[in-house]
1. Given 25 °C and 0.890 mPa s, how large is the Stokes-Einstein diffusion coefficient of segment 82-131 in µm²/s, with Rh as the Kirkwood radius over Cα pairs?
2. Below 8 Å, C-alpha to C-alpha, sequence gap of six or more: please give me the relative contact order for segment 52-111 in percent.
3. Roughly how big is the chain's charge dipole about its Cα centre, with Cβ charges of +1 (Lys, Arg) and -1 (Asp, Glu), in debye to the nearest 20?
4. Between segment 15-75 and segment 98-114, how far is it from one alpha carbon centroid to the other, in angstrom?
5. With angles folded into 0 to 90 degrees, how steeply does helix 72-93 sit against the dominant principal axis of the chain? Use alpha carbons for both and round to 10.
6. Computed over the Cα atoms of the chain, what is the ratio Rg over Rh, Rh following Kirkwood?
7. Determine, for Phe143, Phe47, the number of other Cβ atoms within 10 Å of each Cβ, and report the residues in order from fewest to most.
Amino acid sequence: MIRPAEFIDIAAKLAAKLAARPQATEAELRTAIGRAYYGAIHLAKQFLDSLSLPLKVSIHELHRYLSNSGNARARLAGDGIAHLQTQRIRADYQLDQPLARHGADPLMHARMCVESAKNVESLLAPCTVAQAADEIKTGIAEFLKRDPKHRASRSPN
């Protein structure tokens with residue numbers, strides 16, 4: 001069974017390999033961004049699953065719970081995942097658009113996405129401590145009471 005962090009490791013290795021090569025292909029850069037996102041979102045899913053909350057939404061919506069948990073680290077992790085999701089969508093679906101905006105270096109952009117995923121991992125690690133996990137669980141439960149539409153009945157994927 002694969003661990004979510006392995007996706008981030010693969011993305012980091014790919015980005016490092018591409019940095020050492022003068023001609024990284026756009027497909028390789030886009031792949032690194034996708035793996036970084038999926039590593040981060042699966043880390044979030046793994047963490048949220050450990051809280052035993054009834055979150056029946058698409059995996060791609062899980063960052064909203066972290067962002068609205070009331071815990072600073074979880075909020076930053078959720079916001080980081082939301083940013084990575086935007087980058088992953090650009091990398092996977094907006095093939096006619098530049099990978100990086102505003103003339104930024106595409107390789108540097110991919111490496112920054114990998115670093116963002118590593119940051120999500122670092123932010124979520126302390127959240128597993130009982131006190132923080134309880135705070136986050138309570139915060140998410142309050143969020144669900146305030147905004148019941150996030151208790152969506154869509155099946156997880």
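Just so you know, all these numbers are worked out from the coordinates, no wet-lab data involved. On a predicted model such as this, the values are computed, not experimentally measured, just so you know. Cβ: placed from backbone, ideal geometry, glycine included. Neighbour counts: every protein chain shown.
1. Values: Rh = 12.3 Å.
Here the translational diffusion coefficient equals 199 µm²/s.
2. This gives 19 percent for segment 52-111.
3. Working: 22 positive and 16 negative charges, 49 e Å.
Using Cβ point charges on Lys, Arg, Asp and Glu, the chain gives about 240 debye.
4. 17 Å
5. Computed tilt is about 40 degrees.
6. Values: Rg = 16.3 Å, Rh = 16.1 Å.
Across the chain, the Cα-based Rg/Rh ratio is 1.01.
7. Phe143, Phe47
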